[in-house]
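Before anything else, here's the structure in question.
The values are calculated or read from the model by the stated rules, or taken from the named source; none is laboratory data. The structure presented is a predicted model; accordingly, all values stated were derived computationally and were not measured. Neighbour counts run over all protein chains shown; Cβ positions are idealised from the backbone, glycine included.
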Amino acid sequence: MHPVSGRSVASPRSPHSSRLGRTTVVATALVPLLLGLGSGEAARAIPRLDLRPYPAPAAGERRWVIQLPGVLQPTADPRLSPSPSDWRVELIVGRELEVDCNTQRFGGKVRSETLPGLGYKIYRVKDVGPVVSTRMACPPDSVKRKAFVPMGAKPFVLPYNASLPIVIYAPKDLDVRWRLWKAERVQLPANVL
């Protein structure tokens with residue numbers, strides 16, 4: 001049974017399944033963490049992703065898919081809202097780079113598009129610029145390291161909706177990550193001036 005709709009679903013498929021293709025990357029590694037499962041517990045089944053309505057990635061692109069869990073472990077913090085309508089998903093686009101003590105960034109935008117006839121949203125990474133860096137002199141004993149450098153743009157945040165996958169198309173040299181935002185229950189009054 002699907003945890004949100006209550007409908008029967010087919011058995012889950014592996015994110016490496018040939019049906020999904022090599023160009024699809026399923027971001028489900030965080031599901032056990034979001035469900036509050038430890039390493040000794042079995043993960044709950046994720047419904048099979050039906051990506052037929054979504055276009056195949058263009059040449060030079062990869063299609064990233066995020067399947068949000070329908071049920072999350074309740075938070076221990078009583079200040080946070082337990083309602084998914086108060087949650088948001090932030091998309092974080094970036095790339096692994098060798099960095100030193102300087103700050104690296106690159107520009108780009110995430111744009112939403114609606115699939116004609118279906119109303120489903122997809123997200124495309126556009127206008128990706130070159131990597132820029134500050135030019136600080138690093139201490140002589142500093143070493144270069146690999147780090148994930150996010151695209152320097154304002155955060156791209158979506159409503160939490162476990163009913164549909166989040167489908168992102170990005171250039172092949174970029175990676176897509178995500179994180180969950182939960183709102184506080186308390187609403188504070190604004191000042192009238």
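I need a count of the residues in segment 127-179 that are outside any loop (DSSP other than H, G, I, E, B), surrounded by 15 or more Cβ atoms within 10 Å (Cβ to Cβ) and among the hydrophobic types (A, V, I, L, M, F, W, C).
10
Kindly indicate which of V93, V99 is in contact (Cβ under 8 Å) with a residue 24 or more places away in the chain, of a type in the set (A, V, I, L, M) and over 22 Å from W64 (Cα atoms). Lay out the reasoning, then the answer.
On the way: V93 fails: over 22 Å from W64 (Cα atoms).
Answer to the check: V99.
Checking L174 against (1) of a type outside the set (G, A, S); (2) more than 12 Å from the chain's Cα centre (by Cα); (3) at pLDDT below 95; (4) closer than 12 Å to I92 by Cβ, which test does it fail?
The failed condition is (3).
For segment 57-84, which residues satisfy the criterion of being of a type in the set (S, T, N, Q) and modelled with pLDDT under 90?
The answer is Q73, T75, S83.
Just to be sure before I move on: is I122 under 21 Å from R63 (Cβ atoms), β-branched (V, I, T) and in contact with a Ser or Thr (Cβ under 8 Å, 6 or more places away or on another chain) in the structure I sent?
Details: under 21 Å from R63 (Cβ atoms): yes; β-branched (V, I, T): yes; in contact with a Ser or Thr (Cβ under 8 Å, 6 or more places away or on another chain): yes.
Yes; evaluated as a whole, the condition is true for this residue.
Among the residues of segment 176-183, is any touching a residue at least 12 places away in the same chain (Cβ under 8 Å), in contact with a Leu (Cβ under 9 Å, 6 or more places away or on another chain) and closer than 18 Å to L51 by Cβ? Full working, then the answer.
Our first condition is that a residue be touching a residue at least 12 places away in the same chain (Cβ under 8 Å); within segment 176-183, this holds for 176-183.
Keeping just the survivors that are in contact with a Leu (Cβ under 9 Å, 6 or more places away or on another chain) gives 176-180, 182-183.
Add one more test, that the residue is closer than 18 Å to L51 by Cβ, and what stays is 176, 178.
Yes, segment 176-183 has at least one match.
Here's a follow-up. Considering only residues that are surrounded by 12 or more Cβ atoms within 10 Å (Cβ to Cβ) and among the acidic types (D, E), look in segment 61-95 and name the one that is farthest from T134 (Cα to Cα). Before the answer, list the steps.
The initial filter retains those residues of segment 61-95 that are surrounded by 12 or more Cβ atoms within 10 Å (Cβ to Cβ), namely 61-72, 75, 80-82, 84, 86-95.
When the remaining residues are screened for being among the acidic types (D, E), the result is 61, 86, 90.
Numbers: E61: 29, D86: 37, E90: 26 Å.
Among those residues, the one meeting the criterion is D86.
Quick check: anything in segment 126-140 among the hydroxyl-bearing types (S, T, Y), in contact (Cβ under 8 Å) with a residue 60 or more places away in the chain and at negative phi? Before the answer, list the steps.
Narrowing segment 126-140 to residues among the hydroxyl-bearing types (S, T, Y): 133-134.
Okay, now just the ones that are also in contact (Cβ under 8 Å) with a residue 60 or more places away in the chain, so none.
Checked segment 126-140: no residue is among the hydroxyl-bearing types (S, T, Y), in contact (Cβ under 8 Å) with a residue 60 or more places away in the chain and at negative phi.
Next question, about the same structure. Could you figure out which of (1) within 24 Å of A162 (Cα to Cα); (2) touching a Lys or Arg at 6+ places or on another chain (Cβ under 6 Å); (3) exposed (fewer than 12 other Cβ atoms within 10 Å of the Cβ) isn't true of P116?
Every listed condition holds for P116 apart from (2).
Let me ask something additional. State all residues of segment 89-109 that are of a type in the set (G, A, S) and part of a loop (DSSP other than H, G, I, E, B); if no residue qualifies, say none. Explain how you work it out, then say what you get.
We begin by selecting, within segment 89-109, every residue of a type in the set (G, A, S); these are 94, 107-108.
Within segment 89-109, G107, G108 meet the criteria.
If you check S11, S17, which single one turns out to be in a loop (DSSP other than H, G, I, E, B), at pLDDT below 50 and surrounded by 12 or more Cβ atoms within 10 Å (Cβ to Cβ)? Can you show your working first?
On the way: S11 fails: surrounded by 12 or more Cβ atoms within 10 Å (Cβ to Cβ).
Criteria check complete, one pass: S17.
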